[in-house]
1. If you check Glu22 against the conditions, is it more than 29 Å from Ser272 (Cβ to Cβ) and either outside the structural domain of Thr156 (by TED's automatic domain parsing) or surrounded by fewer than 24 Cβ atoms within 10 Å (Cβ to Cβ) (or both)?
2. With the requirement that a residue be buried (at least 20 other Cβ atoms within 10 Å of the Cβ) and touching a helix residue (DSSP H, G or I) at 6+ places or on another chain (Cβ under 6 Å), what does region 38-48 give you?
3. Return the residues of region 35-59 that are under 12 Å from Asp20 (Cα atoms) and small (Gly, Ala, Ser); say none if nothing qualifies.
4. All but one of (1) touching an Asp or Glu at 6+ places or on another chain (Cβ under 9 Å); (2) within 28 Å of His61 (Cα to Cα); (3) assigned to a strand (DSSP E or B) hold for Phe285; state the number of the condition that does not hold.
5. Which condition number in (1) in contact with a His (Cβ under 8 Å, 6 or more places away or on another chain); (2) not in a loop (DSSP other than H, G, I, E, B) is the one that Asp76 fails?
6. Please verify whether region 244-254 includes one or more residues that are surrounded by fewer than 21 Cβ atoms within 10 Å (Cβ to Cβ), in contact with a Pro (Cβ under 9 Å, 6 or more places away or on another chain) and in a loop (DSSP other than H, G, I, E, B).
7. Would you point out the residue of region 276-307, among those that are of a type in the set (Val, Ile, Thr) and more than 16 Å from the chain's Cα centre (by Cα), that is nearest to Val203 (Cα to Cα)?
Amino acid sequence: MEFLEKLSLAGLVPVIAINDAEDAVPLCKALADGGLPVAEITFRTAAAEESIRRVHEALPHVLLCAGTVLTTDQVDRAVNAGAAAIVSPGLNPEVVKYCTSKNIPICPGTGNPSDIEVALSLGLKAVKFFPAEPLGGLKLIKAMAAPYGAVKFMPTGGINEKNMLDYLAFDKILCCGGSWMVPADAVAAKDWNRITELTRSAVNAMLGFELRHIGINCEDAETSMAEAKKLANLLGWPIKEGNSSNFVGTGIELNKYMGRGKNGHIAIGTNSVKRAKWHLEQRGFKFIEDSAVVKNGKLIAIYLEDEIGGFACHLVQK
């Protein structure tokens, strides 16, 4: 899988400046514990190269980018230390050509259509948009995406938990970079638990899990309707009859057959099934690949491999 595709699945890229290389491993472990095994360690500090090296050796599963890379020398230092990709604040053709000649993924900064034209001429399909909010944010990205439909954007600068969902909802957004999960005072205090909590909050908000409905297995259509009528009478909710099941309200589905799961299934809504699947796989969950439902090239539903409490569980696109 291409590195940029992995960043897209992660959805969020913590951008961090490390002053003391001793902090690098516990900081990135805190991010991973919160659900983001990914980091952009910027070359804004003298500790960047050593920080990348330590994280690469201690936490090989972390997706490591080197950020604020301005020269080919920094490219070499970053890659030799273990960085898998390069990110820069601006578009330097020399640096881009150097990276592409060595098959090193690079996401250079852009801020206008002319930058994108240069990026396309250099063979790039994804660019950083920086500084995102001061330049015009999502509104400007959408305007530029219209004539450049093949380009994906990684907005960074002013992104936070309050506006990230607006960005991520646009299909031309690769992922969002941000530093709000790694406040400087938490790093200075070595408060790794706080960073884990902030990261977990960001991931939870991004995935947006919510219970959509509970499905109950019934032996046949007659049993399904009989049980539906009982629940409708109990709850005062309407019945909606379907071909394969009956719904009581929107929260309870009664199958007309014995479907997946010993007792039935639990449908969990999410902002992105594809992204949620990747994140849950990082937590150790497995999926039934042939249960995947794809619509217009987009994954919209898939079942987990294991049952929980006798119920199969599946993700569904909100």
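The values are calculated or read from the model by the stated rules, or taken from the named source; none is laboratory data. These numbers come from a predicted model, not from an experiment. Using ideal geometry, Cβ is built from the backbone for each residue, glycine included, and neighbour counts are taken over all protein chains shown.
1. So Glu22 passes the test.
2. Residues satisfying the conditions are Val38, Ala39, Ile41, Phe43.
3. Across region 35-59, the qualifying residues are Ala46, Ala47, Ala48, Ser51.
4. (3)
5. Against the list (1) in contact with a His (Cβ under 8 Å, 6 or more places away or on another chain); (2) not in a loop (DSSP other than H, G, I, E, B), Asp76 comes up short only on (1).
6. Yes, there is a match, as at least one residue in region 244-254 is surrounded by fewer than 21 Cβ atoms within 10 Å (Cβ to Cβ), in contact with a Pro (Cβ under 9 Å, 6 or more places away or on another chain) and in a loop (DSSP other than H, G, I, E, B).
7. Ile302
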